[in-house]
Structures are given as C-alpha cells and as structure tokens.
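*Asks:* Structure below; questions to follow.
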Amino acid sequence: MNWPELILSALGGGATALAVAVWLFRKWLAHRLSLELETHKSQLVQKSEILKTELSIYAHEQNVGLSRIDAQRSEAILAIWAVLAEWHEVFVDLTAPNQRLDQDLSRALPKYQEWARKLMTVSNALSVEVRNRAILVDQTTYEIIARCGQAVSDVTTDFYAATFEGVVLTAIQDTGSLFERVQLARENLRTSAASNVQEFRSALVHEFRVLMKAEKS
C-alpha cells in the first residue's frame, strides 16, 4: 500500500478524503523538491567556490610564470647587449685611426693582433649567448638577434682570416707587408661593419626597446 492509499484509509475514503490526500501529497512533494533544490544549490555553491579557488590558483601560477619569464627575458636582453657592446668597443679600438701606434710596427702589430683575437673571442661569446637565450624570445625576435650576430661573426672572421689567422709574429720577416694587409683589412672591417652590422644592430636596438617596453612596436 502506497502513501496516498494510507492517507485515504486513515481519512475513511470518499471524494473529500481523496482531495485532501492529493493536496497533502502535493505539499509533501513540493517540500521534497524544495529540499532537493536547496541541496542542489548548496552543492553548486560548493563546486563554484572550489572552481573559483582553482582558477585563482591557476591565475596566480600563470602570473608567477609570466613574471619569471619576463625577468629572464630582460636578463637575456641585457646579457646579449652587454656582449655586443663589448664587441663594439674592441671594434672601435681596432679600426680607429692611430697614427702614434702605426709609427712603430714592433708595437702596432702585436696590439692589432691582440685586438683581433679579442674581437674573435667576443664574437664567439655573442654566438653562444644568443643560442643559450634563444628559448626566451619569440621566433621573430630571435631572427633579428641572429642576423645581427651573424653579421658580427662574418666581419670579424673575414678580418681575422685576412690578417692574423695562422700568423706567428716572431716568425714574420716581412712585417711591412703584414702591416699593409692589416691596414687594408682594418679599412674593410670599418666599411663592412658600417654597411652590414650597423643596419642589423639598429633593428636589434628597436626590438629590445619594444620588449623592454621602452618603445612602442
């Protein structure tokens, strides 16, 4: 016997009893639905709070990750720029007119060789720095950095190959011919750098300033 039948039996049957039973059943059903609805709302609130907490944690982790990447990217930019600036300083020493030094070949050739070797060392360091930091920048930025680095490497290698590569100064007898080669190579280095390196260096400066938010894209 179900719940309405029990009510009918208790009320003694009849239309009135049936109407009362139906009304009571509806009230009971509405009460049950109300309870279930409140339970469902409570569960939704709990799930919503859990989701908000998870989203908040995720957002925080993302912000921390992005901040860390920004810091690492800034460090990478400064590191690459520092090596490029060091190369430029050596380049200026090597290519700047120096009449006093050129008057004494016994001093001039060792000094130019020292600068040439240092230029090669810094150029190689720049290549390593660019490769090591590549993961921190997007492809477009990396290509700009790589083109500048390649231009630096090309003019540096060309100069060294034309002057002191494989040369042992103490074994050179015709220092005058070597000095002439060095002077010609110095001029070629200055010209090549002006036409090649400077263009890529300017593009790199702009890209770095954009990344550092010091200039608009």
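The numbers here are math on the coordinates, done by the rules we state, and not lab data. The shown structure was predicted, so the numbers you read here are calculated from the model rather than taken from an experiment. Note that we place each Cβ from the backbone using ideal geometry, even for glycine, and neighbour counts take in every protein chain shown.
*Asks:* Most exposed first by the Cβ proxy, i.e. fewest other Cβ within 10 Å, how do V155, V168, V210 rank?
*Replies:* Least to most surrounded, the residues fall as V168, V210, V155.
*Asks:* Could you calculate the FRET efficiency of E86 with R131 from 1/(1 + (r/R0)^6), where r is the beta carbon distance between them and R0 is 22 Å, rounded to 0.05?
*Replies:* Calculated transfer efficiency: 0.80.
*Asks:* Using 0.36 nm per residue, how much length does the chain from E36 to T121 gain when fully extended, once their Cα-Cα distance is taken away?
*Replies:* Between E36 and T121, full extension yields 22.9 nm more.
*Asks:* Please work out the Cα center distance from the range 168-186 to the range 109-129, rounded to the nearest Å.
*Replies:* Rounded to whole Å, the Cα centres lie 18 Å apart.
*Asks:* Taking +1 at the Cβ of each Lys and Arg and -1 at the Cβ of each Asp and Glu, which of S123, Q99, V83 sits farthest along the dipole of the range 73-211 towards its positive end, judged by Cα position relative to the Cα centre?
*Replies:* Towards the positive end, the residue furthest out is V83.
*Asks:* Counting other C-beta atoms within 10 Å, which of Y112, Y160, Y142 has the fewest, and how do the rest follow?
*Replies:* In order of increasing Cβ crowding within 10 Å: Y142, Y160, Y112.
*Asks:* Per-residue HN-Hα couplings for the range 168-173, Karplus 6.51 cos²θ - 1.76 cosθ + 1.60 at θ = phi - 60°, whole Hz, x for Gly and Pro?
*Replies:* Working through the residues one at a time gives 10, 4, 5, 9, 7, 9 Hz.
*Asks:* Rank the residues T95, T191 as a footprinting-exposure proxy: fewest other Cβ atoms within 10 Å of their Cβ go first.
*Replies:* Taking fewest neighbouring Cβ atoms as first place, the list is T191, T95.
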